[in-house]
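Undergrad: Following this message is one structure expressed as structure tokens.
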Amino acid sequence: MFFPIGDDQVKGGYFPFFSYTFIVLNVLVFVYQASLSIPGFEQFVYTYGSIPKETLAGQDTFTLFTSMFLHGSWMHLLGNMLFLWIFADNIEATIGNFRFLIFYLIGGLAAHAGHIYFNMGSEIPTVGASGAISAVMGAYLVMYPTSKIKMLVLVFFIRVPAFIFLIFWIVQQVTLGNQSLQSMTSETAGVAWWAHITGFAFGLVAGLFYRLNYPRPGQMTPDHSPFDRTDLL
């Protein structure tokens, strides 16, 4: 078992207000979800989650945005927030707060588009921030390919270049996404793989634009522990 727990930080630049605000909002929304009864939880998800069939019919299109702040479980929430915490702040510090806000939301919409394309008749609600976060990760790959990602592998800590981790991640998503098109298995069911893939692809394009037009504001400062960061986390 391995997962990322930190990265090198951009020194200077804009304070990543929206990166942190999104984490808080996602947590608060799920705390509310968790306070509901089981029928209430399900009704909340069906009301504010994005249902592909309804979206294509022009119904409840607001859910394309609200669904980005809903999650299906504590593990779903914590996994997404960990990735958002690691990858978003450097991008916002570089391109600015409101540019990041627009990028994040459009990235989420791009992810929805990919999921809907492959699930046009689905009446299952889609929830989670992972589509928008995938866009963040795609942009990170282009903007900070040599930044070091701190990984916890079993009980050991290692540091790997961002491009190695992110390429491995997207290859895994594409592999499982293709498998899901051929047959639904326990490994591929319940995950919007193509939302991840299309969100990531959007992030690559946006990241290239940002890399060319918004130079990195300062040097990268190594992160020595998940709780010892240089950007006031």
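Undergrad: Could you tell me whether any residue of segment 90-99 is open to solvent by less than 40 Å² (accessible area, probe 1.4 Å) and on the phi > 0 side of the Ramachandran plot?
TA: Taking every residue of segment 90-99 in turn, at least one turns out to be open to solvent by less than 40 Å² (accessible area, probe 1.4 Å) and on the phi > 0 side of the Ramachandran plot.
Undergrad: I need every pair where a residue in segment 98-110 that is within 13 Å of ALA195 (Cα to Cα) has its Cβ under 7 Å from the Cβ of a residue that is assigned to a helix (DSSP H, G or I) and of a type in the set (S, T, N, Q), sequence separation at least 6 or different chains.
TA: ALA110/THR198
Undergrad: Would you mind telling me which numbered condition in (1) at pLDDT 95 or above; (2) open to solvent by 20 Å² or more (accessible area, probe 1.4 Å); (3) under 30 Å from ASN119 (Cβ atoms) PRO145 fails?
TA: Tallying (1) at pLDDT 95 or above; (2) open to solvent by 20 Å² or more (accessible area, probe 1.4 Å); (3) under 30 Å from ASN119 (Cβ atoms), PRO145 fails exactly one: (3).
Undergrad: State all residues of segment 55-74 that are within 23 Å of TYR32 (Cβ to Cβ) and surrounded by fewer than 21 Cβ atoms within 10 Å (Cβ to Cβ); if no residue qualifies, say none.
TA: Residues satisfying the conditions are ASP60, THR61, PHE62, LEU64, PHE65, THR66, PHE69, GLY72, SER73, TRP74.
Undergrad: If you don't mind, there's one more thing I want to ask. So how many residues does segment 160-184 have that are in contact (Cβ under 8 Å) with a residue 24 or more places away in the chain and over 21 Å from the mean Cα position of the chain (by Cα)?
TA: 1
Undergrad: What number goes with the only condition from (1) over 30 Å from VAL153 (Cα atoms); (2) surrounded by 12 or more Cβ atoms within 10 Å (Cβ to Cβ); (3) out of contact with any helix residue (DSSP H, G or I) (no Cβ under 6 Å at 6 or more places or on another chain) that PHE17 does not pass?
TA: Only one criterion in (1) over 30 Å from VAL153 (Cα atoms); (2) surrounded by 12 or more Cβ atoms within 10 Å (Cβ to Cβ); (3) out of contact with any helix residue (DSSP H, G or I) (no Cβ under 6 Å at 6 or more places or on another chain) is unmet by PHE17, namely (3).
Undergrad: Out of (1) surrounded by 14 or more Cβ atoms within 10 Å (Cβ to Cβ); (2) hydrophobic (A, V, I, L, M, F, W, C); (3) more than 16 Å from the chain's Cα centre (by Cα), the odd one out for PHE22 is which?
TA: With (1) surrounded by 14 or more Cβ atoms within 10 Å (Cβ to Cβ); (2) hydrophobic (A, V, I, L, M, F, W, C); (3) more than 16 Å from the chain's Cα centre (by Cα) applied to PHE22, the lone miss is (3).
The values are calculated or read from the model by the stated rules, or taken from the named source; none is laboratory data. Since this is a predicted model, take the numbers as computed values, not measurements. Note that each Cβ is placed from the backbone with ideal geometry, even for glycine, and that neighbours are counted across all protein chains shown. Ligands, DNA and RNA are excluded from the accessible area calculation, which covers all protein heavy atoms including side chains. Shrake-Rupley method; radii C 1.70, N 1.55, O 1.52, S 1.80 Å.
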